[in-house]
Amino acid sequence: MPTSPILVAPLLTNMAKTPMSCYTPLSTSFTSVVSYHTGWNILTEEMSRNIEKSLKEGKLLEVVCVFRRTVETVSRTQVNIAVTGESGNGMSSFINALRVLGHEEKASAPIGVVTTTQTRGSYSSFHFPNVVLWDLPGLGTTAQSLESYLNEMQFSQYDLFIIIASEQFSMNHVKLAKAIEGMGKRFYVVWTKLDRDFSTSALSNEKILQNIQENIKENLQKEGVWEPPIFLVSNLDPLLHDFPKLRNTLKIDLSNIRCHGPLVMLSHICEKIINDKVNSLKGRLSTEHVEDILGIRDADDLGKCLEAYRLLFGVDDASLQQVAHSMGTWAFEYMTIMKSQDLHTLCGGDWKMKFMTCLIMRAFLTLFRYIPFLGNPVIHHFRFMRHRRILELVAQDTKNILMKILKECMLST
Ligand SMILES: Nc1nc2c(ncn2[C@@H]2O[C@H](COP(=O)(O)OP(=O)(O)O)[C@@H](O)[C@H]2O)c(=O)[nH]1
Ligand SMILES: [Mg+2]
């Protein structure tokens, strides 16, 4: 029975435009290059000051706390998803199914056999907190041209699109896909009314699913559109067919959409602070005694030096254990990605260190000790080179460990 149109007041009347950027995604759900929204302004000045202070002092655990706080804020960022397609394809029904709501329920989107959705409505779901699902009128309902439809529906303001199709994947669907791809945004194609396809076709269910998939792909390929995730569902069965897969993909993509900007920003901040610290230490190495900087007795005891550098950057064994504990994992998860985990690995894994610590080089230096005037500066320069290299490798390891922790924090949203 057709339901009367209910105009749903938008949750957001004025969605602020957020900066976009293209980056590699956090996780594998994103297969194409897409734009990410939000989060750029989430990182407060105070947070970046805290990171700077903690990294300068080599307190990795405190950096992890800042990462966590950022992730908490980021996970509350609102994501706008537009559900679009041709009128009658099951867009509103899909929104209800995704929210696992019956069509008769008060909060559900109005549906009907005649064009029901005349103006866009917004819906939320406790299954996807801080997500607004926008139920758009179908293409062709409110505007003549694609361009005016995109303008009227404010396409530039959504973070993700779901194109709904049923019965046929038409030129309008392809046009929508092309337009969304052209905007550098992520979209899915959802084929609905699978129950009808199954009950009206003489083909096996398996063959029907294969035909629908192929048909959608073929139509998109003809127009040179990158293959999106495709889900085949029946809105009458919100827990069956591709609905579970769709929900999982959506969860991963929501995390990508929310976290990517802050992740890039945090990693840039950490990289810069660590680079500054390296440069400052290199400056000190050329003017001060290594023993004073590192608090060690013998500047040529590379094992002790390495320990001291790791302590300076907060990637010593004890700190890593603390961090691992707070992340609910084991310290070896971080150790295994370290070139500087011990002197043997450090010298074996880096050709510069290998060269500077090889037997011939050591013999050569011993000889230099007996050359008056020239010997000492050469030995000093050589020592300086080795320390610079150890410093660089420990700093690189610190960056890699921070990236790993950051990604783990973000993926836990
Ligand atoms: N059998 C079946 N009918 C559906 C399905 N999805 C939607 N419908 C019906 O298709 C008609 C149009 O649905 P609606 O959600 O209003 O489409 P919209 O115009 O795209 O929003 C309604 O009568 C729905 O009951 C589905 O998966 N299976
Ligand atoms: Mg509708």
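The values are calculated or read from the model by the stated rules, or taken from the named source; none is laboratory data. None of these values were measured; they are calculated from a predicted model. We place every Cβ from the backbone using ideal geometry, glycine too, and count neighbours over all the protein chains shown.
Before moving on, here are some points about what is shown:
- Yes/no for N172 being buried (at least 16 other Cβ atoms within 10 Å of the Cβ) and part of a helix (DSSP H, G or I): yes
- Of the residues E62, E104, E86, the single one that is more than 23 Å from F243 (Cα to Cα) and charged (D, E, K, R) is E62.
- Just one of the listed residues (F94, F67) is within 10 Å of ligand 2 (Cβ to nearest atom) and either part of a helix (DSSP H, G or I) or touching a Leu at 6+ places or on another chain (Cβ under 7 Å) (or both), and it is F94.
- Residue within the range 178-186 that is in contact with a helix residue (DSSP H, G or I) (Cβ under 8 Å, 6 or more places away or on another chain) and either within 16 Å of ligand 2 (Cβ to nearest atom) or acidic (D, E) (or both) present: no
- Within the range 182-196, restricting attention to residues that are free of Cβ contacts under 8 Å to residues at least 60 places away in the same chain and out of contact with any His (no Cβ under 7 Å at 6 or more places or on another chain), the residue that is nearest to V233 (Cα to Cα) is W191.
- Hits in the range 127-163 (condition: in a loop (DSSP other than H, G, I, E, B) and either within 14 Å of ligand 1 (Cβ to nearest atom) or closer than 15 Å to V83 by Cα (or both)): L136, P137, G138, G140, T141, T142, M153, Q154, Y158, D159
- Just one of the listed residues (K175, K185) is over 30 Å from F198 (Cα atoms), of a type in the set (K, R) and modelled with pLDDT of 90 or more, and it is K185.
- Restricting attention to the range 184-206, the residues that are in contact with a Ser or Thr (Cβ under 7 Å, 6 or more places away or on another chain) and either basic (K, R) or in a helix (DSSP H, G or I) (or both) add up to 4.
- Within the range 237-295, the set of residues being at positive phi and modelled with pLDDT under 95 comprises G295 only.
- For E72, the criteria (1) farther than 30 Å from G140 by Cβ; (2) within 16 Å of ligand 1 (Cβ to nearest atom) hold in every case but one, which is (2).
- The condition (being at pLDDT 95 or above, of a type in the set (G, A, S) and within 16 Å of ligand 1 (Cβ to nearest atom)) is satisfied by just one residue among S166, S170, S201: S166.
Conditions tested, residue by residue: (1) on the phi < 0 side of the Ramachandran plot; (2) in contact with a Phe, Trp or Tyr (Cβ under 6 Å, 6 or more places away or on another chain); (3) surrounded by 15 or more Cβ atoms within 10 Å (Cβ to Cβ); (4) modelled with pLDDT under 95.
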site: E147; (1), (2), (3), (4): yes, no, no, yes
site: L209; (1), (2), (3), (4): yes, no, yes, no
site: E214; (1), (2), (3), (4): yes, no, no, no
site: L220; (1), (2), (3), (4): yes, no, yes, no
